[in-house]
1. I need a count of the residues in the stretch 32-50 that are in a helix (DSSP H, G or I) and either open to solvent by 40 Å² or more (accessible area, probe 1.4 Å) or touching a Ser or Thr at 6+ places or on another chain (Cβ under 7 Å) (or both).
2. Mind telling me which of the residues 77, 53, 29, 73 ends up being open to solvent by less than 60 Å² (accessible area, probe 1.4 Å) and over 20 Å from residue 14 (Cβ atoms)?
3. In the stretch 1-31, which residues are among the polar types (S, T, N, Q), assigned to a helix (DSSP H, G or I) and at pLDDT below 90?
Amino acid sequence: MTTENTLHPLHTHVESAVQQHLNALNGETPSQLYELFLGEFEKPLLISVLRYTHGNQSKAAQILGLNRGTLRTKLKTYDLLKK
């Protein structure tokens, strides 16, 4: 039995989003789909984890399973480093 409070596995949400995107293409062949979805997922993931850790990059890197240097590179990529 499913309720609104039941968490669904993350992959079901991703699969649904991919399917909706492909359906919206109306038969057109997509390109760069991997990069599109990676960018759409990675930036909000980084923002959410940084918010969760109150901006602590070391904690965020640990939660994400990245080293701090890799995290900083990703933050630069998405222009998320505080100046």
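1. 13
2. Of the residues listed, the single one that is open to solvent by less than 60 Å² (accessible area, probe 1.4 Å) and over 20 Å from residue 14 (Cβ atoms) is 53.
3. First pass over the stretch 1-31, keeping only residues among the polar types (S, T, N, Q): 2-3, 5-6, 12, 16, 19-20, 23, 26, 29, 31.
Among the residues that remain, those that are also assigned to a helix (DSSP H, G or I) are: 12, 16, 19-20, 23.
Within the stretch 1-31, none qualify.
The values are calculated or read from the model by the stated rules, or taken from the named source; none is laboratory data. The shown structure was predicted, so the numbers you read here are calculated from the model rather than taken from an experiment. Glycine gets a Cβ as well: all are built from the backbone with ideal geometry, and neighbour counts include every protein chain shown. In case anyone asks, the SASA skips ligands and DNA or RNA and just uses the protein heavy atoms, side chains included. Shrake-Rupley method; radii C 1.70, N 1.55, O 1.52, S 1.80 Å.
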